[in-house]
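**Q** Take a look at this one; I'll ask things after.
The values are calculated or read from the model by the stated rules, or taken from the named source; none is laboratory data. As the structure is a computational prediction, the values presented were derived from the model and not from experiment. Cβ placement follows ideal geometry from the backbone for every residue including glycine, while neighbour counts extend to all protein chains displayed.
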Amino acid sequence: MKELSGRKLKVTLLTGRTIDQGRSKEGGKVSPFYQESVAVCYMDPKDMAVLGVKENQNVKVSTKFGSVVLRAVKNDRGSHTGVIFVPYGLWINLVTDPETHGIGMPSFKGIPAEVEPAIGERILTIKELLKEHFGK
């Protein structure tokens, strides 16, 4: 389901592991390589065009739990309009439901979200996110 409201697009957010995310955490979660591999939002090229977003430009992903700025990357694995994918990491944890429903793991799939261009906004480093959200 997708609906355009101004320059915001209603989407379904999926999260999960990626090879790059797994490799990058071996170098440490404060490394630039880790941020480059997980602070990204994979989007269908058609959705990027609708929003006027080019690859590697920043977008803001918002859910009822919060917002985060990520780098837009074209998802070239088939047509998935109305769906975005963000790898596991602190950035996406800020916008997912912390409720674990008694199983110890939050729901990371099928989250209603909005994505919009984040012109003039930058992606915060993991240290900046920790300080801003947890005071550490």
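**Q** I'm trying to understand the selection: among the residues of the range 51-60, which are surrounded by 16 or more Cβ atoms within 10 Å (Cβ to Cβ) and either over 11 Å from ILE123 (Cβ atoms) or small (Gly, Ala, Ser) (or both)?
**A** Within the range 51-60, LEU51, VAL53 meet the criteria.
**Q** In the range 43-66, which residues are hydroxyl-bearing (Ser, Thr, Tyr) and at pLDDT 95 or above?
**A** Correct list: SER62 only.
**Q** Moving on to the next point. Determine whether ILE84 is modelled with pLDDT of 90 or more, within 17 Å of LYS64 (Cα to Cα) and either within 14 Å of the chain's Cα centre (by Cα) or not polar (S, T, N, Q) (or both).
**A** In short, yes.
**Q** Same structure again: Looking only at the range 69-91, filter to residues that are closer than 15 Å to MET43 by Cα and of a type in the set (A, V, I, L, M, F, W, C); which one of those is surrounded by the most Cβ atoms within 10 Å (Cβ to Cβ)?
**A** Among them, the one singled out is VAL86.
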